[in-house]
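Undergrad: The structure's right below; bear with me while I get my questions together.
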Amino acid sequence: MEEKSRHAEKKEQGLVLLHTGDGKGKSTAAFGQALRALGHGLRVCIVQFIKSSQNTGEAKAFASFKDTVEFHVRGSGFTWKTKDKEEAVKAARDAFAFARDKVLSDKYDMVVLDELTYLITYGMVPENDVLDLIQKRPPRLHLVITGRNASEGLVAAADLVSEVRLVKHPFEKGGKARMGIEF
């Protein structure tokens, strides 16, 4: 019975979910969505565009689901701190090509493109390339996108848009990134 309902789910139109805004929790929301999908036996692929470490809590946690989730860190670090802009652009374009292949493979029920909006914001990948990917994705695929400053086109293309607003953050008082909270 469960297998039958999974096949029925595959025939439904997939959604594009966008988590944007200046507050903390966009990636966390996307990972929660992925966890919910895994709970229903859906296959998930996660591609992180900015982070450059596999040593985050989410990477460690998703490693325990290796039969149903792929987790890929394809970034070169935080691009606004990079000294070699050309290398960062090349890494971003390579990462986007990798993610495009994953999305179009039709092997997954959900693909999370974590921090994708930065590639558009920084002019590393044209917005039209991202919108084209959304249009060409397999019809049943749920696509979850995160990052600040989502472009107008991306907002228009999404089925669900959540804005995470910063109200208060420990960084304002000199707090540092904490294991289990920021990474």
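Undergrad: Can you name the residue in the stretch 61-78 that is farther than 15 Å from Val112 by Cβ and surrounded by 13 or more Cβ atoms within 10 Å (Cβ to Cβ) and, of all such residues, is modelled with the lowest pLDDT?
TA: Phe78
Undergrad: Quick check: anything in the stretch 152-160 surrounded by fewer than 21 Cβ atoms within 10 Å (Cβ to Cβ), outside any helix (DSSP H, G or I), among the small types (Gly, Ala, Ser) and touching a strand residue (DSSP E or B) at 6+ places or on another chain (Cβ under 9 Å)? Break it down stepwise before answering.
TA: Of the stretch 152-160, the ones surrounded by fewer than 21 Cβ atoms within 10 Å (Cβ to Cβ) are 152-153, 155-160.
From what is left, the residues that are outside any helix (DSSP H, G or I) are 158-160.
Narrowing the set further to residues that are among the small types (Gly, Ala, Ser) leaves 158.
After this cut, where a residue has to be touching a strand residue (DSSP E or B) at 6+ places or on another chain (Cβ under 9 Å) as well, the list is 158.
Yes; the residues of the stretch 152-160 include at least one that is surrounded by fewer than 21 Cβ atoms within 10 Å (Cβ to Cβ), outside any helix (DSSP H, G or I), among the small types (Gly, Ala, Ser) and touching a strand residue (DSSP E or B) at 6+ places or on another chain (Cβ under 9 Å).
Undergrad: Output the residues belonging to the stretch 37-59 that are at pLDDT 90 or above and exposed (fewer than 14 other Cβ atoms within 10 Å of the Cβ).
TA: Gly39, His40, Gly41
Undergrad: To continue, here is another question. I need the full set of residues from the stretch 113-146 which are assigned to a loop (DSSP other than H, G, I, E, B) and over 13 Å from Ala99 (Cβ atoms), in order please.
TA: Here is the first cut: in the stretch 113-146, the ones assigned to a loop (DSSP other than H, G, I, E, B) are 115-116, 122-126, 137-141.
Tyr122, Gly123, Pro126, Pro138, Pro139, Arg140, listed by residue number.
Undergrad: Next question, about the same structure. Among the residues of the stretch 132-151, which ones are closer than 20 Å to Arg43 by Cα, of a type in the set (D, E, K, R) and either touching a Ser or Thr at 6+ places or on another chain (Cβ under 7 Å) or surrounded by 13 or more Cβ atoms within 10 Å (Cβ to Cβ) (or both)? Explain how you work it out, then say what you get.
TA: First pass over the stretch 132-151, keeping only residues closer than 20 Å to Arg43 by Cα: 133-134, 136-146.
Narrowing further to those that are of a type in the set (D, E, K, R): 136-137, 140.
Hits for the stretch 132-151 are Arg137, Arg140.
The values are calculated or read from the model by the stated rules, or taken from the named source; none is laboratory data. Keep in mind that this is a model prediction, so the values were computed, not measured. Using ideal geometry, Cβ is built from the backbone for each residue, glycine included, and neighbour counts are taken over all protein chains shown.
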